[in-house]
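Right, one structure below, let's go through it.
Quick note: the coordinates plus some simple rules give every number you see, no bench work behind them. Source: prediction; values computed, not measured. Heads up, the Cβs are rebuilt from the backbone with ideal geometry, glycines too, and the neighbour counts pull from every protein chain shown.
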Amino acid sequence: MSLTFRQLEIIRAVGRAGSVTGGAAILGISQPAISVALRDCKAAAGFPLFVRRQGRLQPTSETGILLADLDRVFDGVDRINRLVEDLATATIGTLHVAATPTLADNLVPLAVAAFGRERANVRITVQAMDNFAVVRQVNGSLVDFGLALSPLTRFEGGAQDVCASELICAVHPGHPLAGRRSVGPADLEPFRLISFSRSLPLGALVEESFRAAGLRRRIAVEVNQSSVACAMARAGAGVAVIDPFWGLGSPEPGIARIPLRPPVEIRAQILEPPGRPLSRLSRLFLDELRAAARALGLRRG
């Protein structure tokens with residue numbers, strides 16, 4: 001006959017207290033209940049558990065061996081309960097995030113810093129990759145969530161907006177367009193255009209902007225990241241239309257940022273793996289992302 005967890009708890013309490021009265025006090029139950037339980041424990045164990053010496057209950061040699069293991073078991077239970085409490089309050093754990101470079105460089109660091117101040121024992125892994133790779137990582141449930149730019153393609157999970165803003169034009173401060181309050185596709189057409197493939201979200205949005213203006217987009221320099229587009233514009237290689245998130249926290253030196261008109265919205269989104277809701281830690285991190293976006297003057301999508 002096996003001893004139950006409660007019976008093991010009673011044996012340990014009496015062994016530590018050296019009396020039925022003390023064991024009852026430890027467990028917060030009555031003395032008669034402990035006495036009855038000890039008789040049941042003895043019957044279940046098949047050997048005497050305690051002997052009375054000098055007015056105290058002393059464990060038998062068999063019980064002494066049992067108590068050593070019981071201490072380890074109950075210490076483990078205490079650790080598990082502390083872990084459950086930490087998990088409930090989201091103060092321990094891991095987060096694996098896949099993010100496009102522009103978000104990994106400009107929005108995520110602010111959220112990580114704020115998140116870490118409250119949850120120093122949470123380990124965060126951030127992997128920067130293009131939109132397609134982020135979608136693949138999330139579709140394959142290889143990360144807790146992804147951060148990507150809209151519009152998305154071939155995504156199978158759920159998406160929530162983090163923030164939104166409008167595309168901007170980036171030029172060298174000495175460029176003829178640098179003093180303009182806003183520019184449109186017709187203003188950009190005479191100049192060498194630094195832009196993205198139409199297969200990327202930014203490229204698709206810029207392509208549609210030119211098409212709506214009745215113009216054909218002619219790419220002089222094709223890039224796949226806003227940081228590279230800015231570097232090209234800073235060097236005087238042409239005009240770039242980039243996402244508004246790049247350089248928000250610390251604006252790029254040597255770059256003039258000009259609003260694009262008519263405005264073209266682009267959204268930063270958190271991507272949830274298919275069939276798996278966001279964890280508590282992920283939801284709390286999303287709150288920090290949105291707070292960081294508000295601090296940077298970005299609106300909720």
Max mean-square fluctuation residue, GNM over the chain, Cα-Cα springs under 10 Å, options Asp75, Asp144, Asp105: Asp75
Among (1) 24.1, 79; (2) 18.9, 65; (3) 31.8, 103, the entry that matches Rg and Dmax of the Cα atoms in Å as calculated here: (3)
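In the chain, which longest range has no trypsin sites (Lys or Arg not before Pro) that are both DSSP loop (not H, G, I, E or B) and surrounded by at most 13 other Cβ atoms within 10 Å? Please report the intermediate quantities before stating the final value.
Numbers: sites that count: Arg154, Arg181, Arg216, Arg218, Arg300.
No qualifying site falls inside 1-153, the longest such stretch.
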Set of the range 186-205 residues, backbone N closer than 12 Å to the point 7 Å along the Cα-Cβ line of Ala235: none
Other-chain or far-sequence residues with amide H under 5 Å of Arg267's (modelled H): Ser150
Using θ = phi - 60° and Karplus 6.51 cos²θ - 1.76 cosθ + 1.60, couplings along the range 213-225 (whole Hz; Gly, Pro as x): 8, x, 10, 9, 7, 10, 8, 8, 10, 9, 10, 10, 9
Förster radius 25 Å - calculated FRET efficiency between Glu62 and Asp40 (Cβ-Cβ, nearest 0.05): 0.90
Helical mean residue ellipticity (222 nm; -39500 (n - 2.57) per DSSP H run of 4+; nearest 500) of the chain: -13500 deg cm²/dmol
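DSSP beta bridges in the chain, what fraction antiparallel, as a percent rounded to 5? Intermediate results must be reported in sequence, preceding the final value.
Details: 24 of 42 bridges.
Close to 55 percent.
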Note, ³J(HN,Hα) from phi for the range 30-39, Karplus 6.51, -1.76, 1.60, rounded to Hz, x at Gly and Pro: 6, 4, x, 5, 5, 4, 5, 5, 5, 4
Top of Ala33, Ala268, Ala220 by mean-square fluctuation, Gaussian network on the chain, Cα under 10 Å: Ala33
From phi via Karplus (6.51, -1.76, 1.60), per-residue ³J(HN,Hα) for the range 60-69 in Hz, x at Gly/Pro: 5, 4, 5, 5, x, 5, 4, 5, 4, 6
